[in-house]
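**Student:** Starting off with a structure, shown below.
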Amino acid sequence: MNPAGELLIAAEWDGLGVTRAAARNSRPHAAKLLIGRSVDEALALVPALFTLCGKAQGLTARAAVAAARAEPAPDEPARIAAERAIAAEAAQEHLWRLLLDWPALFDHEPRRARFAELYRRLASAGSGGAETAREVGGQLLDLVAAELLSGFFTVAREPSSLAEFASRARRGGTVGAALADLLEMGTHSPPQGMAALLPGADAATWAAELGGVPDEAYCRAPTWQGAPAETGALARHHGSMLVKLLIDRGHPVAARLFAEVVDLSDWASRLRHPLANDMPPVLDAAPLGEAAGLARCETARGVLIHAVCLEGDTIADYAIVAPTEWNFHPAGSFAREGSGWQAPDPETARRHLTALVLGLNPCVPFQVNLAEAGHA
Amino acid sequence: MCIGVPMQVVHGDAVRALCRGRDGAEAWIDLLLTGPQPPGTWLLTFLGAAREVLDAERAARIGAALDALGDLLAGRSADVDAAFADLVERGPQLPEFLRKAPTS
């Protein structure tokens, strides 16, 4: 059994479109490993387990424990360092998708050298000083303006049609070309409508919503006010003019790709100006009852929640609610948008399904298995 | 919740290496982010690519954490304490010559 888990997509194409698509998510409920351990052991274990998002996971775990112990909030230098580390990690994850995965899906050359160069600089920026972070933040903004979205910066008005949107996107390098290809695949308004988008809520609001450390069933299929919701770049940027235009014109998958580029700009801004007044905190925490605390952290893939209950110096209960479980909830965004749309051939169907999964940005390896009706 | 897997380089070239996991499974790993690595080097891998170079101690710690997670998933009662015996970051220790209190 793969301890890291995986996401298996099983879909069926009937000659006209995809009639059925289901996601099986075997991502492990790793928080169980923390229960019964001392706080120090648990805090050491978290970054060892979640090595690829270790900064966000480790800092969120510490913040949740601090809230449970009613410790004062970290001072400003510590909060600045935390925001830079989380922003650098988030930008790395977005670059992986934007420069490697999305171009490859549409047979465009992945930007491997550019990706490697920026990834390494972000690794040093996350643990380095203010100057390094400002510099790499500027490089990311340049990347967005000059290489990803250049076609949208040269004309003041918004595109008047999807054809014009695609044409402008193509002026933006391989990511723009992938976006244009996605648009030209056609409209895919989900017949059941899109899932709700998770609102930006602070840790105190989350603590009030959850009322205590959530159980494993909640962590596997989380809900906001009783309903599934989508988290991630689209939830954060659905109000952005061009993202909204894509949603309104029936292109939620393209909207997610565009929102990811906008989101990369936000993380770049956080690297340059952490704790800015016009942006919500990336990480905060709140008490969750007696000897319990909750921390909320924004990550590239969406909101990450850690909730902990202590008995002295021992972890009595622990829960992690991660973005993948929101977006691949049995009644969530993938379930609503994965089926019920037209595709002229299996290859187009597979590509569209893969784009949907990429846009929902799972944190585990995924595989799309498409069967033709009658051959499943 | 991105979980990377430590693998050790068996042999390779400038762009990829055949790597072996702690369970003996082998896979070709992209070295875009790390550059070429000599045999024996531990790499943190995810989706067929090396994310970073690990020292042997960190590779063992991550491996132990994944073993325990695998046991948990398989329904086995993982010997978590044994798996993580050396995992906890101990506080910094004073050098020997500073540990004794001054006698005068």
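**Student:** Would you kindly calculate the mean projected area, averaged across all directions, of the convex hull enclosing the Cα atoms of segment A:100-158, in square nanometres? List each step's numbers first, then the result.
**Tutor:** On the way: hull surface 21.1 nm².
Reported value for the Cα convex hull: 5.3 nm².
**Student:** Rounded to whole Hz and in sequence order, give me ³J(HN,Hα) for segment A:5-22 from the Karplus expression 6.51 cos²θ - 1.76 cosθ + 1.60, θ = phi - 60°, writing x for Gly and Pro.
**Tutor:** Per residue, the Karplus-derived 3J(HN,Hα) values read x, 7, 10, 10, 9, 10, 10, 10, 10, 9, x, 10, x, 8, 9, 8, 8, 10 Hz.
**Student:** Could you work out, residue by residue across B:2-12, how many beta carbons of other chains sit within 10 Å of that residue's beta carbon, and then give the average as an integer? Working shown, then result.
**Tutor:** Working: counts 19, 14, 7, 4, 1, 0, 0, 0, 0, 0, 0.
Partner-chain Cβ atoms within 10 Å, mean over residues of B:2-12: 4.
**Student:** For segment B:9-69 and segment A:240-289, write down the distance between their C-alpha centroids in whole Å.
**Tutor:** The two parts, judged by their Cα centres, are 33 Å apart.
**Student:** Turning to a different aspect of this structure: For the residue pair B:Leu18 and A:Ser189, what label-to-label distance in nm results when each label sits 7 Å from Cα along the Cα-to-beta-carbon direction?
**Tutor:** 5.5 nm
**Student:** Can you give me the convex hull volume of the Cα atoms of chain A, divided per residue and expressed in Å³?
**Tutor:** Details: hull volume 50.2 nm³, N = 376.
With only Cα atoms used, chain A gives 134 Å³ per residue.
**Student:** Could you state the number of Å between the C-alpha centres of segment A:143-198 and segment A:313-346?
**Tutor:** 24 Å
**Student:** Same structure again: I want to verify the translational diffusion coefficient of segment A:15-96 in µm²/s; compute it with Stokes-Einstein, Rh as the Kirkwood radius over Cα pairs, at 10 °C and 1.306 mPa s. Don't jump to the answer; show the numbers that get you there.
**Tutor:** Details: Rh = 15.4 Å.
Using the Kirkwood radius from Cα pairs, D works out to 103 µm²/s.
**Student:** Give the Rg (one decimal place) followed by the Dmax (whole number) of segment B:5-83, computed from C-alpha coordinates and expressed in Å.
**Tutor:** 13.3, 42
**Student:** Measuring from label point to label point, each 7 Å out along Cα→Cβ, what is the A:Asp278 to A:Ala331 span in nm?
**Tutor:** Between A:Asp278 and A:Ala331, the simple spin-label model gives 3.9 nm.
**Student:** Could you work out how much longer the chain between A:Leu16 and A:Thr154 gets when fully extended? Use 0.36 nm per residue separation minus the Cα distance between them, nm to one decimal. Please report the intermediate quantities before stating the final value.
**Tutor:** On the way: separation 138, 0.36 × 138 = 49.68 nm, distance 3.92 nm.
That pair, A:Leu16 and A:Thr154, stretches by 45.8 nm at full extension.
**Student:** Among B:Ala60, B:Gly24, B:His11, whose Cα projects farthest towards the positive end of the dipole of segment B:5-83, with charges put on the beta-carbon of Lys, Arg (+1) and Asp, Glu (-1)?
**Tutor:** It is B:His11.
**Student:** When you have a sec, figure out the Kirkwood radius of segment A:246-336 from all distinct Cα pair distances and drop it here in Å to one decimal? Intermediate results must be reported in sequence, preceding the final value.
**Tutor:** Details: mean 1/r = 0.0634 Å⁻¹.
Value: 15.8 Å, from the Cα pair sum.
**Student:** For segment A:139-289, take every pair of Cα atoms, bin their distances at 10 Å starting from 0, and report each bin as a whole percent.
**Tutor:** Going out from 0 Å in 10 Å bins, segment A:139-289 shows 10, 33, 30, 20, 7, 0 percent.
**Student:** Find out how many positive minus negative residues lie around A:Ala285, taking Lys and Arg as positive, Asp and Glu as negative, among other residues whose Cβ is under 12 Å from that of A:Ala285.
**Tutor:** Details: positive: A:Arg62, A:Arg69, A:Arg79, A:Arg296; negative: A:Glu71, A:Asp202, A:Asp284.
Charge balance near A:Ala285 sits at +1.
**Student:** Would you tell me the mean number of C-beta atoms belonging to other protein chains that fall within 10 Å of each C-beta in A:359-367, as a whole number? The partial results should precede the final answer.
**Tutor:** Details: counts 0, 0, 0, 2, 4, 5, 3, 1, 0.
What the average comes to for A:359-367 is 2.
**Student:** Sticking with this one: All other residues with a Cβ under 13 Å from the Cβ of A:Gly186 taken together, and with Lys, Arg as +1 and Asp, Glu as -1, what is their net charge? Each step should come with its number before you reach the end.
**Tutor:** Numbers: positive: A:Arg249, A:Arg351; negative: A:Asp181, A:Glu184, A:Asp345.
Here the charged neighbours net out to -1.
**Student:** With +1 on the Cβ of every Lys and Arg and -1 on the Cβ of every Asp and Glu, and nothing else charged, how large is the dipole of segment B:5-83 about its Cα centre, in debye rounded to the nearest 20? Could the numbers behind the result be given before it?
**Tutor:** Details: 7 positive and 11 negative charges, 30 e Å.
Roughly 140 debye for segment B:5-83.
**Student:** Which net charge results for the neighbourhood of A:Ala373, defined as the other residues with beta-carbon distances under 13 angstrom from its beta-carbon, given Lys and Arg at +1 and Asp and Glu at -1? Could you put the intermediate results ahead of the total?
**Tutor:** On the way: positive: A:Arg20; negative: A:Glu12, A:Asp14, A:Glu372.
Its environment carries a net charge of -2.
**Student:** How crowded by other chains is B:59-66, given as the mean number of beta carbons from other chains within 10 Å of each beta carbon?
**Tutor:** 4
**Student:** At 20 angstrom or more along the helix axis (alpha-carbon based) and mean Kyte-Doolittle of -1.0 or higher, what helices does chain A contain? Whole DSSP H runs only.
**Tutor:** On the way: long enough: A:54-68 (21 Å, 0.48); A:76-95 (28 Å, -0.21); A:112-127 (23 Å, -0.45); A:252-272 (30 Å, 0.28); A:346-360 (21 Å, 0.26).
Flagged H segments are A:54-68, A:76-95, A:112-127, A:252-272, A:346-360.
Values quoted throughout were computed directly from the atomic coordinates according to the rules given, and no laboratory measurement underlies them. For clarity, every value in this text was computed on a predicted model and none was experimentally measured. Quick reminder, even Gly has a Cβ in these numbers, built from the backbone with ideal geometry, and neighbours come from all protein chains shown.
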